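Notes follow the structure.
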Amino acid sequence: MASPQKLPRVLTDDEAKSLVDVFNLRYDAGVKNRCLVRLMLEAGLRVSEACSLRPADLDMQSCRLVIKDGKGGKDRVLWISEDLRDLVGEWKARRPNSRWMFPTRTGKKTSPRSVRRTVKTYAGKADIVHADEISPHTLRHTFATRLLRRSGNIRMVQKALGHSDLSTTMLYTHIVDDELEDAMKRMAVAVDLEEDH
């Protein structure tokens, strides 16, 4: 019998908050990296998509973000919170002159490898357990799981992630199913204990 697919690691809400809070906003790099991490956590961007963003891709008025040429060459439209929009606005005011939204200090395109290294390093500084296993894709998994929990709509998650095939997105239903099973088993134990009295 085939072994079940290993479910991806997903950050808890506390871990996600610790990771976001670990960046020091006094420094330009701290603002840039917090923006990148929040875009992956709150909009489900792939690391390559975050690195390829250009200033014109985000409408600061409507908080509408257009991902151009995502995987499979497809564009998709996402929205971010006003709070994240304001943080991106702060970064836009401080960033080096460049065609890229999140360039290096010299204005070149930031590499996905450098973002992967940053996420891993700062997950360690945020005291996240098994920080060496945390990657930008962990942030995307976390986004997908949170969106599914909140919306209960797998097609909405598929659209946000830009998956062409729904079966790819179905992975997240297994995470939520496991959580449901765990929560329901704990409930049953609680009922048993009450019945004993």
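Considering only S48, N24, V37, and ranking their Cα positions along the charge dipole of the stretch 24-71 that arises from unit charges at the beta-carbon of Lys, Arg, Asp and Glu, the one farthest toward the positive end is N24. Rounded to the nearest 20 debye, the dipole size of the stretch 61-132 about its Cα centre is 520 debye, using +1 on the Cβ of Lys and Arg and -1 on the Cβ of Asp and Glu. Taking each DSSP H run with n ≥ 4 as -39500 (n - 2.57) and averaging over every residue of the chain yields -17500 deg cm²/dmol at 222 nm.
This structure gives Rg/Rh (Cα atoms, Kirkwood Rh), computed directly, and of (1) 0.94; (2) 1.03; (3) 1.09 that value is listed as (2).
Qualifying chymotrypsin sites (Phe, Trp or Tyr not before Pro) in the stretch 14-114, where qualification requires a DSSP coil assignment and no more than 15 other C-beta atoms within 10 Å, comprise Y27.
The distance from the alpha carbon centre of the stretch 59-101 to that of the stretch 19-37 is 16 Å, rounded to a whole number. Among Q158, T138, L171, which residue has its Cα furthest toward the positive end of the charge dipole of the stretch 116-172, with +1 on Lys/Arg Cβ and -1 on Asp/Glu Cβ? Of Q158, T138, L171, it is Q158.
Summary value for the stretch 1-148: 32 percent relative contact order, contacts being C-alpha pairs under 8 angstrom separated by 6+ residues. The charge dipole of the chain, taken about the Cα centre with unit charges on the Cβ atoms of Lys, Arg (+1) and Asp, Glu (-1), comes to about 1780 debye, rounded to the nearest 20. Scalar couplings 3J(HN,Hα) for the stretch 48-64, obtained by applying the Karplus form with A = 6.51, B = -1.76, C = 1.60 to θ = phi - 60°, are 5, 5, 5, 5, 8, 4, 10, x, 6, 6, 10, 7, 5, 6, 9, 6, 8 Hz; x denotes Gly and Pro. Projecting the Cα positions of S81, G124, N97 onto the charge dipole of the chain (unit charges on Cβ atoms of Lys, Arg, Asp and Glu, taken about the Cα centre) puts N97 furthest along the positive direction.
Close amide H contacts of W79 (hydrogens built in the peptide plane, cut-off under 5 Å, sequence separation of 5 or more or a different chain): L65. If you build a Gaussian network model of the chain, linking Cα atoms that sit under 10 Å apart, which residue out of R113, R46, R85 swings the most? The residue with the greatest mean-square fluctuation here is R113.
Any read-out appearing in this document is the output of simple, stated calculations on the displayed coordinates, not a laboratory observation. Since the model is a prediction, treat every value here as computed from it, not as a measurement. Glycine also receives a Cβ, built like all others from the backbone with ideal geometry; neighbour counts cover every protein chain displayed.
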